[in-house]
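First up is the structure itself, then whatever we jot down about it.
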Amino acid sequence: MAVAYQPVDDDSIFLSEGWVPVASDTCENLANTMNAYSYFHAEADDGSGDTWGSGTGICVILPGPYSLTVKNDGSACDEGEELRDFTKLGSRREPGTLTWNITD
């Protein structure tokens, strides 16, 4: 799993971090942020090529682990980075615990 979020005080960048291994039927804490929205991407490591995430392209580094700052200006990924689709989760009300269940 990879996670990305915008710092509460700076919407010009994303902080993108990964890869956190998450075994089937388990839960993992991926990030702590006071931002009400976070973005998630997952890839199966079983050779199937299955991925989860859609809607927002954010740069990652493979194989990782990685932690990088990504500009939120539509620019291309830097050398050594790859674009992946992330799903946005959250609430306009206020920050809280987000749970994302991914299935086959």
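When the accessible area of the chain is computed with all protein chains present and a 1.4 Å probe, what percentage of it is carbon and sulfur? Answer for the chain: carbon and sulfur cover 45 percent of the accessible area. Debye-formula intensities of segment 1-87, expressed as log10 I(q)/I(0) at q = 0.16, 0.19, 0.20, 0.21 Å⁻¹, are -0.61, -0.86, -0.95, -1.04 (one equal scatterer per alpha-carbon, no solvent). Sequentially through segment 41-57, phi angles give Karplus couplings (6.51, -1.76, 1.60; θ = phi - 60°) of 9, 9, 9, 6, 9, 9, x, 6, x, 5, 9, 10, x, 6, x, 9, x Hz, Gly and Pro residues having no value and appearing as x.
The listed residues 79, 28, 17 rank as 79, 28, 17 when sorted by accessible area, largest first, using a 1.4 Å probe.
Think of each Lys and Arg Cβ as +1 and each Asp and Glu Cβ as -1; about the Cα centre, that makes the dipole of the chain roughly 420 debye. Per residue, the chain exposes an accessible area of 67 Å² to a 1.4 Å probe, with every protein chain left in place. Cβ screening of the chain for cysteine pairs under 4.7 Å finds these without a partner: 27.
If one computes the Cα centroid of segment 45-81 and of segment 1-25, what distance in Å separates the two points? Value for the Cα centre distance between the two parts: 10 Å.
The values are calculated or read from the model by the stated rules, or taken from the named source; none is laboratory data. Here the structure is a predicted model, which means the values were calculated and not measured. Glycine gets a Cβ as well: all are built from the backbone with ideal geometry, and neighbour counts include every protein chain shown. The protein model used for the area step is the full one, side chains on, heavy atoms only, and it has no ligands, DNA or RNA in it. Shrake-Rupley method; radii C 1.70, N 1.55, O 1.52, S 1.80 Å.
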